[in-house]
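Report on the structure given below.
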Amino acid sequence: MTFSLALANGDLVQQGSSLAIVSGIDKLEQDMSLWLTERLGVDRFHPRYGSVLPNFIGGVIDLTTQSRVQGEVDRVLGNYQAIQNLALQNNPQIFSFEELLNALTAVDVGITYDTVSVAVSVTTGSGATATTSTSTSV
């Protein structure tokens, strides 16, 4: 099972005298949120990490905007899943089924002129449902 440091509102979570960690489905939900809110291209070592969701703010909202946002969510989570699959092939014993993204099941998009909101549901390798919602604004 892999793990990450726990985050709350962008800050590390302290647990007593140490830092809290997340694993399993909580890690998957945190990872999805981070991948969707980080701007694409900010990590020079992982150029496909992040999204262009902030680019939709302030632009013209037309009939294609919602499908373009959904397409971006598909692209970002597809990249995340590809990285998981590669790591799974190289070192399968480190993963639990509940932290593996199996399939994207729903994407709900809300757009105003200064905010893009996305709620995502996925199924995990164990068949459980993981969800995350994120909002990006000016």
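The values are calculated or read from the model by the stated rules, or taken from the named source; none is laboratory data. Source: prediction; values computed, not measured. Cβ coordinates were reconstructed from backbone atoms using ideal geometry, including for glycine residues, and neighbour counts include every protein chain displayed.
Table: residues versus (1) touching an Asp or Glu at 6+ places or on another chain (Cβ under 7 Å); (2) of a type in the set (Asp, Glu); (3) surrounded by 15 or more Cβ atoms within 10 Å (Cβ to Cβ).
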position	(1), (2), (3)
Gln81	no, no, yes
Ala87	no, no, no
Leu100	no, no, yes
Ala106	no, no, no
Val109	no, no, yes
Asp114	no, yes, no
Val122	no, no, yes
Thr129	no, no, no
Ser133	no, no, yes
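Each row is one residue, and each column tells you yes or no for (1) touching a Phe, Trp or Tyr at 6+ places or on another chain (Cβ under 8 Å); (2) in a strand (DSSP E or B).
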residue	(1), (2)
Val60	no, no
Leu63	no, no
Val73	no, no
Val76	yes, no
Leu86	no, no
Val107	no, yes
Ser121	no, yes
Residue among Gly50, Gly125 that is closer than 19 Å to Phe3 by Cβ and in contact with a strand residue (DSSP E or B) (Cβ under 8 Å, 6 or more places away or on another chain): Gly125
Whichever residue in region 33-79 is of a type in the set (Asp, Glu) and under 17 Å from Gly10 (Cβ atoms) and, among such residues, is surrounded by the fewest Cβ atoms within 10 Å (Cβ to Cβ): Asp43
Selection from region 18-32 of residues that are surrounded by fewer than 17 Cβ atoms within 10 Å (Cβ to Cβ) and either at pLDDT below 95 or in contact with a helix residue (DSSP H, G or I) (Cβ under 8 Å, 6 or more places away or on another chain) (or both): Ser23
